[in-house]
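Working notes, beginning with the structure itself.
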Amino acid sequence: AADNNQFPKAPDGIPGIFSKRFEPNPEKDAIDKGLFWLLRHQEPDGRWSCAKHNPYHEHVPLPAFTYEDEAVDPSVTGLAILSFLHSGYTHKYGPYQEPVRKALEYMISCQADDGQINIEKGHRHTRNCLSMGEDHGIVPVRYNHNIGTQALVEAYAMTKDEWLLPYAQKALDHS
């Protein structure tokens, strides 16, 4: 830990605001590195690709999820959005506005008319997939929707951006 005696003191003797500015902060450094990794690996369409960054993609499917890693891209993207939001960065504030906006646009592109958030390619994973021989698993449906909903709702709650309200509300109504 840094010696706070080297920093300016507030009138009451408590280390001043400048003490935090130059003090090593391993937690913040780790978060910043994580956000930078996300920034470097975002796809041009705004999503983060699970298949591209799953080291076992060619050998082992994601257990209990799907045999197509791409089916969980909306939820992975939602987790990335939440990482930026929980660090205080939105599509309206901070140095990551453009990547967060692109990710939110991707999430919205994954939303069906009834509000469900799932893969954007028009295929909606349901229990009927299994009966038709498409073994995608049912978990991605709820996983994608729940995490995507949280990302949209939190982005709206943090910014009060009217652009997000109908999508966040539609996602909540579907839940």
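The values are calculated or read from the model by the stated rules, or taken from the named source; none is laboratory data. Since this is a predicted model, take the numbers as computed values, not measurements. Here the Cβ positions follow ideal geometry from the backbone for every residue, glycine too, while neighbour counts run over all protein chains shown. Accessible surface is based on the protein model in full, side chains and every heavy atom, while ligands, DNA and RNA are left aside. Shrake-Rupley method; radii C 1.70, N 1.55, O 1.52, S 1.80 Å.
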Pairs with Cβ under 9 Å, 6+ apart, first in region 32-49 and part of a loop (DSSP other than H, G, I, E, B), second open to solvent by 100 Å² or more (accessible area, probe 1.4 Å): E43/K52
Given the conditions (1) at pLDDT below 60; (2) surrounded by 12 or more Cβ atoms within 10 Å (Cβ to Cβ), which single one is not true for D3? (2)
Candidate set: region 141-175, residues that are among the hydroxyl-bearing types (S, T, Y) and surrounded by fewer than 18 Cβ atoms within 10 Å (Cβ to Cβ); chosen: the one modelled with the lowest pLDDT: S175
Take the conditions at pLDDT below 55 and polar (S, T, N, Q) and apply them to S49. Does it pass? no
